[in-house]
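Have a look at the structure below before the remarks.
The values are calculated or read from the model by the stated rules, or taken from the named source; none is laboratory data. Bear in mind that the values here come from a model prediction, so they are computed numbers and not experimental data. Here the Cβ positions follow ideal geometry from the backbone for every residue, glycine too, while neighbour counts run over all protein chains shown. We work out accessible area using only protein heavy atoms, side chains counted, and drop any ligands, DNA or RNA first. Shrake-Rupley method; radii C 1.70, N 1.55, O 1.52, S 1.80 Å.
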Amino acid sequence: MLVFGHATDAVMAQLGMTPQHLVETGTSLFTVEAHVRYLDQVGPDALLEVRSSIIGATAKKLWIWHELWVAGRLRATEEILGLHVSAGADARTTPFPQGIAARIEALRVEPTEHAGRSISVR
């Protein structure tokens, strides 16, 4: 989870939502839902690679897909749904600024077949 958290920070920075931007604008991205799939074990000395994609967005929402790879094999995935919010006591959703929205759209790809699944017991 920590590795995927850092990957989300990297996606945010790539979009222009750097720590400085967040302080200056009083905004942030709040994760409201996350789904993790653990597919295989990872050893303590493994070299980790995270591949991230933006797989959906609205004016205020960002849907991110992360894949954790080790030695050429997919070991875990995480998808998150984040809301763009104005921070503070009156935290509320707010649209992405135009420049960030344009970068989101430019980077958006189709969701993988594994995204958007729900958890259930049959």
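General observations
- Compared with the alpha-carbon gap, the fully stretched path from residue 69 to residue 20 is longer by 14.7 nm at 0.36 nm per residue.
- Per residue accessible area in Å² of the chain, where ligands, DNA and RNA are left out and the probe is 1.4 Å: 63 Å²
- Of all accessible heavy-atom area on the chain, the percent that carbon and sulfur account for (1.4 Å): 55 percent
- Taken about its Cα centre, the chain carries a charge dipole of roughly 280 debye when the Cβ of each Lys and Arg holds +1 and the Cβ of each Asp and Glu holds -1.
- Highest-fluctuation residue, 82, 99, 43 considered, GNM on the chain with Cα pairs under 10 Å: 43
- FRET efficiency estimate (nearest 0.05) - Cβ-Cβ, residue 47 to residue 105, R0 35 angstrom: 0.60
- The chain: angle of helix 98-107 to the longest principal axis, Cα-based, in degrees nearest 10: 20 degrees
- Pair residue 2, residue 122: separation of 7 Å Cα→Cβ label points (nm): 3.7 nm
- 3J(HN,Hα) couplings calculated from phi for segment 12-27 with the Karplus curve 6.51 cos²θ - 1.76 cosθ + 1.60 (θ = phi - 60°) are, in sequence order, 4, 4, 4, 7, x, 8, 6, x, 5, 4, 5, 5, 5, 9, x, 10 Hz; Gly and Pro show x.
- The distance from the alpha carbon centre of segment 1-60 to that of segment 69-122 is 8 Å, rounded to a whole number.
- Rounded to the nearest 500, the 222 nm mean residue ellipticity of the chain from helices alone is -7500 deg cm²/dmol, with -39,500 (n - 2.57) taken per DSSP H run of at least 4 residues.
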